Every structure is written in C-alpha cells, then in structure tokens.
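First the structure, in the form of structure tokens, and then the observations on it.
The values are calculated or read from the model by the stated rules, or taken from the named source; none is laboratory data. Just so you know, these numbers come straight off a predicted model, no measurement behind them. Cβ: placed from backbone, ideal geometry, glycine included. Neighbour counts: every protein chain shown.
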Amino acid sequence: MNSCAVAVLEEFEDIHFAYGVSDEYIFVLKKESEIYKRQSSKIISAVTSFFTSTYVIQWENFFPQKELKYPPSFDGRAVCYPTYNILFDYLAWRQVDCHINNQYNACFWMLIKSGKTKTQSQYYLKVPKHEKKKSC
C-alpha cells in the first residue's frame, strides 16, 4: 500500500502529502491546485482508480508466492478543509488514533501470546481494571 501511495504522489503532481493508516490513505492536494477543475468526483475517481490498478500491478512484487485471488477495490472521498490549521488538526487526530489502535493491537496480541483467548483478551482491554472478573 505504501508503494501504491508513492506511485500516486509521483503520478499526481498536485498531491503533495500522503498519510497511511491501516487500509486507509489520506492524500492532501496543494491549496492552489486546479487538478480536474477541483471536481471532487473526478479527483476521487482518478486517484482511487490509479491506486487500485497500481496495487494489482505491484502485487507479485510483494507476494510472489501468493496469487491475487480477486480484484481489490478501494473507496474514496474528498473533504475540503477551509484552513491549514483545521487540516493539521485532522491529521494530528489521525496520528493519535493510529497510535491508540497500535497500542491496543500490541497489547491484544501479547495477551493472546500469553495464553488468553481472543474473547478474554478483548474483555481485558475493554473493561476497566477495577471491574474485571477474576476469570481474566
């Protein structure tokens, strides 16, 4: 996915920043961009299509022993933030959200590794410590 994002950045000169989290990518266009006359549906269509086709083409470079069994598809949306400060706040929130999810997943898999079931691990991470049953 990172390789696909790089390809998007190289293909679309008006995109000057990309941030990826899990299966999502955020592409930030230059404020002065006039790409596709700023028609959001055209921008989304072009970027999503290019990202998806790049994913298919590059699949065997990353998974040479694994056949791509069905065509991938990615969705897209466009949001116009009125100021750089609001854009920066959004990106900061995404980064914090990524960090929280990463911490949760790291703890979850350590609990699995320690012998807890998936249900026990989810419960342990969900319920405050003072409310946990002794079974966990």
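Cβ-Cβ distances below 7 Å connect no pair with a first residue in segment 29-42 that is without any contact (Cβ under 8 Å) to a residue 24 or more places away in the chain and within 18 Å of residue 81 (Cβ to Cβ), a second residue that is loosely packed, with under 10 Cβ neighbours inside 10 Å and hydroxyl-bearing (Ser, Thr, Tyr), and a separation of six or more residues or different chains. Just one residue in the set 45, 53, 49, 73 is in the same structural domain as residue 9 (by TED's automatic domain parsing), free of Cβ contacts under 8 Å to residues at least 60 places away in the same chain, part of a loop (DSSP other than H, G, I, E, B) and among the polar types (S, T, N, Q); that residue is 73. Restricted to segment 56-69, and to residues there that are without any contact (Cβ under 8 Å) to a residue 12 or more places away in the chain and either surrounded by 14 or more Cβ atoms within 10 Å (Cβ to Cβ) or of a type in the set (A, V, I, L, M, F, W, C) (or both), the residue that is farthest from residue 99 (Cα to Cα) is 57. Scanning segment 28-52 for residues that are of a type in the set (Ser, Thr, Tyr) and surrounded by 14 or more Cβ atoms within 10 Å (Cβ to Cβ) turns up 33, 36, 48, 52. Within segment 76-116, the set of residues being assigned to a loop (DSSP other than H, G, I, E, B), touching a residue at least 24 places away in the same chain (Cβ under 8 Å) and surrounded by 13 or more Cβ atoms within 10 Å (Cβ to Cβ) comprises 76, 78.
Checking each residue in segment 6-27 for being surrounded by 14 or more Cβ atoms within 10 Å (Cβ to Cβ) and either in contact (Cβ under 8 Å) with a residue 60 or more places away in the chain or at positive phi (or both) picks out 19, 21, 26.
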